[in-house]
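See below for the structure under consideration.
The values are calculated or read from the model by the stated rules, or taken from the named source; none is laboratory data. As the structure is a prediction and not an experimental result, all values here were calculated from the model. Cβ placement follows ideal geometry from the backbone for every residue including glycine, while neighbour counts extend to all protein chains displayed. Accessible surface is based on the protein model in full, side chains and every heavy atom, while ligands, DNA and RNA are left aside. Shrake-Rupley method; radii C 1.70, N 1.55, O 1.52, S 1.80 Å.
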Amino acid sequence: MADLTKDEVIALGHAVGLEIQDPDLTEVTYSLNALLESLDKINPPGLDSVEPMPIILPPNNPST
């Protein structure tokens with residue numbers, strides 16, 4: 001996987017409501033790329049062919 005550029009990190013931040021300022025941008029870009037590289041190493045073969053299952057949470061029952 002190619003490293004994310006600073007512009008791509010800014011766009012990802014905007015997508016989730018974060019504005020990453022220039023002093024932190026280099027560190028955030030480096031950290032995010034390191035995280036993605038680490039996750040890629042633990043990606044077992046064939047995982048992309050498995051159909052995802054929905055997460056079903058129990059109802060929130062405040063009376064208990």
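Results, tabulated for the structure shown:
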item	result
Under Karplus coefficients 6.51, -1.76 and 1.60, residue-wise ³J(HN,Hα) of the range 47-54 in Hz, glycine/proline x	4, 5, 9, 8, 6, x, 9, x
Cα-centre dipole for the range 14-54 with unit charges at Cβ (Lys and Arg positive, Asp and Glu negative), debye to 20	160 debye
50, 9, ranked by accessible area, largest first (probe 1.4 Å)	50, 9
Equivalent ellipsoid semi-axes, the chain, via Cα gyration tensor eigenvalues times 5, rooted, Å	31, 22, 10
Of 20, 4, 61, farthest towards positive along the dipole that unit charges on Lys, Arg, Asp, Glu beta carbons give the chain	61
